[in-house]
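Reviewing the structure listed below.
Read the figures in this text as sums done on the coordinates, not as results from a lab. This structure is a prediction, so every number in the text was calculated from the model and none was measured. Cβ atoms come from the backbone with ideal geometry, glycine included; neighbour counts cover every protein chain shown.
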Amino acid sequence: MALDNFIPEIWSARLLVSLKKFLVYGQDGVVNRDYEGEIRQMGDTVRINSIGPVTVGTYTKNTNIGDPEALTDAQTTLTIDQAKYFNFLVDDVDRAQQNPKVMDQAMQEAAYALRDAADQYIAGLYTGVAAGNTIGNDTTPIVPTKTDAYEHLVDLSVILTDAKVPQDGRWVVVPPWFYGLLLKDDRFVDASKAGTDAALRNGEVGKAAGFTVLQSHNVPNTSGAKYKIIAGHPIAISYAEQINKVEAFRPEKRFADAVKGLHLYGAKLVRPEAIAVMTANKA
């Protein structure tokens, strides 16, 4: 592949497609990208405004209403504070650069590595969960079984309902072993047997207790235990990203073609009350 034929825009597009394809925590429907905008460099910020509650009064016929209420607002900042890169080469001796599929596969591997880093970063935001929105803890984790795994999801749902989180669009991300427990409960609707033609989200495995259930190996856990099973709604987390640069070059000390890329992103738990977290150990 001659460098003068390299088109950065095409490689960048391929990388973004692959990145979104493999995301679980960072995909649309789990997070929102409402404030993504233009991200140009590390440290860029996205300002997020929110309006406070509006007071409702009682109207009396032939009586003046009160003066207009001055609305209050609050602002939070989403900072692009994560910068990850890849940098690989294909040696001329291998002549692999003459086969576009080899370079394409290398780009997919790079996208997968970036996905993994971003996915874990977003999952780690669970630590900001609102007080009272948790079940179990590191000292006394829940130990689900096939007979009560579904009930624990119901408990998470009740927490979100009490916090006035919208019913529609709720999700929960579980580790593979917890998904295995759900499969043993007739109340769980297996996505593979749901009989729907609707497109599934990445990692989607079924429905339970009002949640779209997603499976991921990136569920946060400590030493293989104390898994943080996160349930929530897309309004909870805002995520913004950009593949900032993708460049081809010839390394000075090698006979090879090389490609490097920079992924900038940031995420923020803007509504801590819109997630619930269960700490669980595998039986």
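General remarks:
- Table column - 3J(HN,Hα) (Hz), the range 136-143, Karplus curve with 6.51, -1.76, 1.60, x for Gly and Pro: x, 7, 5, 7, 10, x, 6, 10
- Among the GluC sites (Glu not before Pro) in the range 202-256, those placed in a DSSP loop whose Cβ has at most 15 other Cβ atoms within 10 Å are E252.
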